[in-house]
Structures are given as C-alpha cells and as structure tokens.
Amino acid sequence: MERFKIIFIAIVLVSCSIKDENSQEVSVETISKGELYGIEEEAGLTNNYIITNQEQWDIFLNKINSVNQNVEEESIDFSKFIVLGVIDTFRAYSGYSVEILNVSKKKNNLEIEVQYKNEKGIIPVENQPYHIVKIARSNSKLIFINN
C-alpha cells in the first residue's frame, strides 16, 4: 500500500511539472468589464474580438459606447498591445457575467480562457455582459476557449 502511495504522488508531481513546462501565463490588463445596456441587438456586438490597430479600436469603441460610455481608454499603443474582447449574448435578467480568466502561451498559440456565469438574477433588465483586456502584442495564433 505504501508503494502505491509513493507511485501516485510521483505521477501527480510529474504531471504538474509537465503542465508548467508546456504553458506560460501571459500578463492581462483589464480595460473595462461590466454590462452593456440599451444597445440594439441589431448592432451585432455578440462576439469574441481581437483588435490589432487603432482603426479597429475606434470602430469598436463607437459601437460599444453608442449608448453608454463604458470604455474610457481611447488610446492604445498597438505596436505593444493587442486588445481582446468578449461580449456575451443579450440577457433578459441580471446576474450574468463573462470574464477572460487568463491567457496562456502553449506552443505557437495563445489560449484565451473565457468563463460565462449565471448567478440566477431575478431583476428583469436587458443587458449584455462584456470583458475587454489588453495583452502584449504577439504573432501567436489566438484561440478562445469557453468554460
């Protein structure tokens, strides 16, 4: 039995160290997080966004700030950063949220881990949860992973 415990612990330790060698966390800075209110569904904002230049950022800001002034950071140095955004679908009740949990470099990819939550809100209010972050510029392929 003791031998089994030692083997099990060794396997767990090796698997943890392998995971660390294959994955490297990327620094993430939140630009804005919350809910959009009053934006028409036809605006088509539900999506994952990868914004790589000022022109794309200006277009995005015009859409997202068309009703509420949610995002205040207007100037981003796109020679150093990429902006990632996740905007959830329209929700009829409060209690929903979306969050970019982390960004990890794995081989030639950057994996963006996104979590959607429903806290079972009871207040009827049309809203769209969102999270916008910036990360260091990279030539890696960006992959959104939903939890």
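The values are calculated or read from the model by the stated rules, or taken from the named source; none is laboratory data. Here the structure is a predicted model, which is why all the values come from computation and not from measurement. Cβ placement follows ideal geometry from the backbone for every residue including glycine, while neighbour counts extend to all protein chains displayed.
Yes/no per residue for (1) in contact with a Leu (Cβ under 8 Å, 6 or more places away or on another chain); (2) at pLDDT 95 or above; (3) surrounded by fewer than 11 Cβ atoms within 10 Å (Cβ to Cβ); (4) more than 24 Å from Gln115 (Cα to Cα):
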site: Val12; (1), (2), (3), (4): no, no, yes, yes
site: Gln24; (1), (2), (3), (4): no, no, no, no
site: Leu36; (1), (2), (3), (4): yes, no, no, no
site: Ile39; (1), (2), (3), (4): yes, no, no, no
site: Gly44; (1), (2), (3), (4): no, no, yes, no
site: Tyr49; (1), (2), (3), (4): yes, yes, no, no
site: Ile59; (1), (2), (3), (4): no, no, no, yes
site: Asn70; (1), (2), (3), (4): yes, no, no, no
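Residue pairs whose Cβ atoms lie under 6 Å apart, sitting 6 or more positions apart in sequence or on different chains, and linking a residue in segment 122-147 that is surrounded by 11 or more Cβ atoms within 10 Å (Cβ to Cβ) to a partner that is of a type in the set (Gly, Ala, Ser) and in a strand (DSSP E or B), are Pro129/Ser97; Ile132/Ser32; Ile132/Gly85. Pairing each residue of segment 53-76 that is within 20 Å of Ser138 (Cβ to Cβ) and touching a residue at least 12 places away in the same chain (Cβ under 8 Å) with any residue that is surrounded by fewer than 14 Cβ atoms within 10 Å (Cβ to Cβ) and of a type in the set (Gly, Ala, Ser), provided the two are 6+ apart or on different chains, yields C-beta distances under 9 Å for Gln54/Ser75; Trp57/Ser75.
One line per residue, one yes/no per condition, for (1) assigned to a strand (DSSP E or B); (2) within 20 Å of Thr46 (Cβ to Cβ); (3) modelled with pLDDT under 95; (4) out of contact with any Cys (no Cβ under 8 Å at 6 or more places or on another chain):
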site: Ala92; (1), (2), (3), (4): yes, yes, yes, yes
site: Ile100; (1), (2), (3), (4): yes, yes, no, yes
site: Lys105; (1), (2), (3), (4): yes, no, no, yes
site: Ile112; (1), (2), (3), (4): yes, yes, no, yes
site: Gln115; (1), (2), (3), (4): yes, yes, no, yes
site: Glu126; (1), (2), (3), (4): yes, yes, yes, yes
site: Val133; (1), (2), (3), (4): yes, yes, no, yes
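The single condition among (1) exposed (fewer than 15 other Cβ atoms within 10 Å of the Cβ); (2) assigned to a loop (DSSP other than H, G, I, E, B); (3) at pLDDT 95 or above that Phe78 does not satisfy is (1). Number of residues in segment 119-139 that are farther than 20 Å from Ile31 by Cβ and touching a strand residue (DSSP E or B) at 6+ places or on another chain (Cβ under 8 Å) equals 7.
A search for C-beta distances below 8 Å between a residue of segment 19-48 that is within 19 Å of Ile135 (Cα to Cα) and any residue that is surrounded by fewer than 11 Cβ atoms within 10 Å (Cβ to Cβ) and at pLDDT below 90, counting only pairs 6+ apart in sequence or on different chains, returns Ser32/Glu72.
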